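**Student:** The structure follows.
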Amino acid sequence: MSYNLLKGKRGIIFGALDANSIAWKTAERVHEEGGSFVLTNAPIAMRMGQINELAEKTGSEIIPADATSLEDLENLVTKAQEILGGKLDFVLHSIGMSVNVRKGRAYTDQKYDWTQKGTDVSAMSFHKVMQTLYKQDAMNEWGSIVALTYMAAQRVFPDYNDMADNKAYLESIARSFGYFYGKEKNVRVNTISQSPTPTTAGQGVKGFDGFIAYAERMSPLGNATAQDCADYTISLFSDLTKRVTMQNLYNDGGFSNTGVSNEVMEAFMKAEGHE
Ligand code: NAI
């Protein structure tokens, strides 16, 4: 259902790789709500070509940008304003990657140049995006910036590996930049902490099937889907959340505040031989 919440608003959406991507679902929802945007992704992700389908469907242009490259980001922010016809109202950072996770390297045996690459892509890129927007004065007053994160920033999930540290850094950047952007430009900055979601990045985490099934049974409302995340993001881009800023907001069906659920306890007792 559309409420025209983003009518006349302009923005940039990072990270739509394929139809499972959280950014893809968000782009579709923003379009439904009347927003216009430029789509962007790393040049290497473009080669898979699927983003063209999304661009066509939503009447959007694509500008490739490696989110770790200031030069690419400067070009992106300048061109996006030209294409969209003015300053921006919303930006979605939906980017994550750990080389240690990809290559199956244990948390206690990291290769630090891989760690650095993951930090740059997954966390520092968020600072780079905001600094570029800030320096170009590219955001309208009361604009909204959202990045996606995971609860491993607060609690240990062993297989999440160094992405846990990257997410902690990302959330901290949202708070710190949110202060300056709020004070000086009335722009809000938040992170959404999302349930495990079956996407390319999500499924790259070791033991993802167990991870998502466990979270489903632990969460009173069940796991939040990519579609749920898109809906939540729309609310944060809209004028209905104008003074929500510097927050890490859980979209997780209640997982983060649940100690244990009856279903998980029953499964555990069964496995222990207590019927
Ligand atoms: P996805 O794999 O569809 O999206 C990740 C995106 O990051 C891809 O589009 C990829 O091309 C992009 N990317 C990687 N390196 C880049 C670079 N150097 N420059 C620009 N873009 C780059 O997966 P998903 O799940 O939609 O991921 C989106 C965000 O949601 C990530 O921040 C992820 O950590 C976060 N998240 C995902 C969860 C999950 O279980 N899938 C749970 C909680 C948070």
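What follows is calculated from the coordinates using simple rules that are stated; it is not laboratory data. Note that the structure is predicted; figures quoted are calculated from it, not measured. No Cβ is skipped: glycine too gets one built from the backbone with ideal geometry, and neighbour counts run over all protein chains shown.
**Student:** Restrict the check to segment 175-182 and report whether at least one residue is buried (at least 20 other Cβ atoms within 10 Å of the Cβ), touching a residue at least 24 places away in the same chain (Cβ under 8 Å) and either within 12 Å of the ligand (Cβ to nearest atom) or not in a helix (DSSP H, G or I) (or both). Explain how you work it out, then say what you get.
**Tutor:** Keep residues of segment 175-182 that are buried (at least 20 other Cβ atoms within 10 Å of the Cβ), which gives 177-178, 181.
Remaining after also requiring touching a residue at least 24 places away in the same chain (Cβ under 8 Å): 177-178, 181.
Still in the running and either within 12 Å of the ligand (Cβ to nearest atom) or not in a helix (DSSP H, G or I) (or both): none.
The answer is no; no qualifying residue exists.
**Student:** Provide a single number: the residues in segment 119-144 that are closer than 15 Å to Phe180 by Cβ and of a type in the set (Phe, Trp, Tyr).
**Tutor:** Summing the residues that are closer than 15 Å to Phe180 by Cβ and of a type in the set (Phe, Trp, Tyr) in segment 119-144 gives 2.
**Student:** Mind listing just one residue for me: the one in segment 133-171 that is touching a Phe, Trp or Tyr at 6+ places or on another chain (Cβ under 8 Å) and part of a loop (DSSP other than H, G, I, E, B) and, of those, surrounded by the most Cβ atoms within 10 Å (Cβ to Cβ)? I'd like the intermediate steps shown before the answer.
**Tutor:** Keep residues of segment 133-171 that are touching a Phe, Trp or Tyr at 6+ places or on another chain (Cβ under 8 Å), which gives 134, 139, 143-147, 150-152, 157-164, 167, 170.
Of the ones still in play, those that are also part of a loop (DSSP other than H, G, I, E, B) are 150, 157, 161-162.
On the way: Tyr150: 26, Phe157: 17, Asn161: 24, Asp162: 21.
Applying the filter and picking the extreme gives Tyr150.
**Student:** A further question follows. Hey, can you tell me all the residues within segment 252-275 that are more than 25 Å from Ser172 (Cβ to Cβ), hydrophobic (A, V, I, L, M, F, W, C) and in a helix (DSSP H, G or I)?
**Tutor:** Answer for segment 252-275, where residues must be more than 25 Å from Ser172 (Cβ to Cβ), hydrophobic (A, V, I, L, M, F, W, C) and in a helix (DSSP H, G or I): Val264, Met265, Ala267, Phe268, Met269, Ala271.
**Student:** OK, next. Can you pull out the residues in segment 187-214 that are in contact with a Gly (Cβ under 8 Å, 6 or more places away or on another chain) and either of a type in the set (Gly, Ala, Ser) or not in a helix (DSSP H, G or I) (or both)? Break it down into steps so the answer makes sense when it comes.
**Tutor:** Initially, segment 187-214 is screened for residues in contact with a Gly (Cβ under 8 Å, 6 or more places away or on another chain), giving 187-190, 195-196, 201, 206, 208, 212.
Of everything in segment 187-214, those that are in contact with a Gly (Cβ under 8 Å, 6 or more places away or on another chain) and either of a type in the set (Gly, Ala, Ser) or not in a helix (DSSP H, G or I) (or both) turn out to be Val187, Arg188, Val189, Asn190, Ser195, Pro196, Ala201, Lys206.
**Student:** Another question, then. Go through (1) in contact with a Phe, Trp or Tyr (Cβ under 9 Å, 6 or more places away or on another chain); (2) in a loop (DSSP other than H, G, I, E, B); (3) crowded, with 17+ Cβ neighbours inside 10 Å for Leu249 and report which single condition fails.
**Tutor:** Every listed condition holds for Leu249 apart from (2).
**Student:** Also: Please verify whether Tyr214 is aromatic (Phe, Trp, Tyr), surrounded by 16 or more Cβ atoms within 10 Å (Cβ to Cβ) and within 15 Å of the ligand (Cβ to nearest atom), treating the condition exactly as stated. Give the derivation first.
**Tutor:** Details: aromatic (Phe, Trp, Tyr): yes; surrounded by 16 or more Cβ atoms within 10 Å (Cβ to Cβ): yes; within 15 Å of the ligand (Cβ to nearest atom): yes.
Taking the combined requirement at face value, the residue satisfies it.
**Student:** Could you list, in sequence order, all residues of segment 217-235 that are among the aliphatic types (A, V, I, L, M), assigned to a helix (DSSP H, G or I) and more than 12 Å from the ligand (Cβ to nearest atom)? Working first, answer last.
**Tutor:** Start the filter on segment 217-235 by keeping residues that are among the aliphatic types (A, V, I, L, M), which leaves 218, 221, 224, 226, 230, 234.
With assigned to a helix (DSSP H, G or I) added as a condition, the list becomes 218, 226, 230, 234.
Met218, Ile234 - these are the residues of segment 217-235 that are among the aliphatic types (A, V, I, L, M), assigned to a helix (DSSP H, G or I) and more than 12 Å from the ligand (Cβ to nearest atom).
**Student:** Let me ask you something else. Condition first: among the β-branched types (Val, Ile, Thr), surrounded by fewer than 17 Cβ atoms within 10 Å (Cβ to Cβ) and within 18 Å of Thr68 (Cβ to Cβ). Now tell me which residues in segment 101-132 satisfy that.
**Tutor:** Step one: list which residues in segment 101-132 are among the β-branched types (Val, Ile, Thr), which gives 101, 108, 115, 119, 121, 129, 132.
Restricting the remaining residues to those that are surrounded by fewer than 17 Cβ atoms within 10 Å (Cβ to Cβ) gives 108.
Residues satisfying the conditions do not exist here.
**Student:** Applying the selection to segment 183-203, what residues are surrounded by fewer than 16 Cβ atoms within 10 Å (Cβ to Cβ), in contact (Cβ under 8 Å) with a residue 40 or more places away in the chain and within 12 Å of the ligand (Cβ to nearest atom)?
**Tutor:** Pro198, Thr200 - these are the residues of segment 183-203 that are surrounded by fewer than 16 Cβ atoms within 10 Å (Cβ to Cβ), in contact (Cβ under 8 Å) with a residue 40 or more places away in the chain and within 12 Å of the ligand (Cβ to nearest atom).
**Student:** State whether one or more residues within segment 94-114 are closer than 30 Å to Gly34 by Cα, hydroxyl-bearing (Ser, Thr, Tyr) and within 19 Å of the chain's Cα centre (by Cα).
**Tutor:** Yes, there is a match, as at least one residue in segment 94-114 is closer than 30 Å to Gly34 by Cα, hydroxyl-bearing (Ser, Thr, Tyr) and within 19 Å of the chain's Cα centre (by Cα).
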